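Values quoted throughout were computed directly from the atomic coordinates according to the rules given, and no laboratory measurement underlies them. All values reported here derive from a predicted model rather than from experimental measurement. Because the Cβ atoms are built from the backbone with ideal geometry, glycine has one as well, and the counts that use them run over all protein chains shown.
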Amino acid sequence: MEVLLVEDSLSDARLTIEALREGQVKHRLTAVRDGVEAMEFLRREGKFSRAPRPDVILLDLSLPRKDGREVLVEIKADSELSGIPVVVLTASAAHEELVRQELRESDSYITKPVDWEKFIAVVRQLKRFWLSDVILPTID
């Protein structure tokens with residue numbers, strides 16, 4: 001599974017990476033630190049011209065240069081990107097209701113610092129999806 005982590009905090013990024021390992025999901029992770037880089041990566045622009053298409057995006061909302069909300073709106077408005085599941089990383093439990101109401105476009109959300117149990121549950125759900133629900137094309 002290709003994972004794009006959009007996170008400006010190195011400590012939160014480390015926790016997220018550890019949670020992915022603990023969830024035992026085979027993945028390749030690419031991390032970018034702001035919303036502008038995230039969109040360049042997704043659109044394969046500049047230094048990201050050979051970037052892989054992510055299977056899931058883990059998106060922080062509080063980002064420099066371009067806010068995570070703007071990134072989410074751009075992703076969901078782009079026909080080539082809108083099918084990629086986006087898991088929003090919220091700043092606190094208090095933000096959960098706000099996120100639930102405001103970010104209907106997101107596929108899921110997780111409270112930061114990462115709520116281990118909830119995150120592992122989301123990772124396992126993604127793992128089940130990729131192992132059982134996705135039908136990959138055969139090679140002729």
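Taking 0.36 nm per residue of sequence separation and removing the Cα-Cα distance, the Glu70/Glu22 pair yields an extension gain of 14.2 nm. Shown here for region 1-85: GluC sites (Glu not before Pro) in loop regions (DSSP other than H, G, I, E, B) with at most 13 other Cβ atoms within 10 Å, namely Glu45, Glu80.
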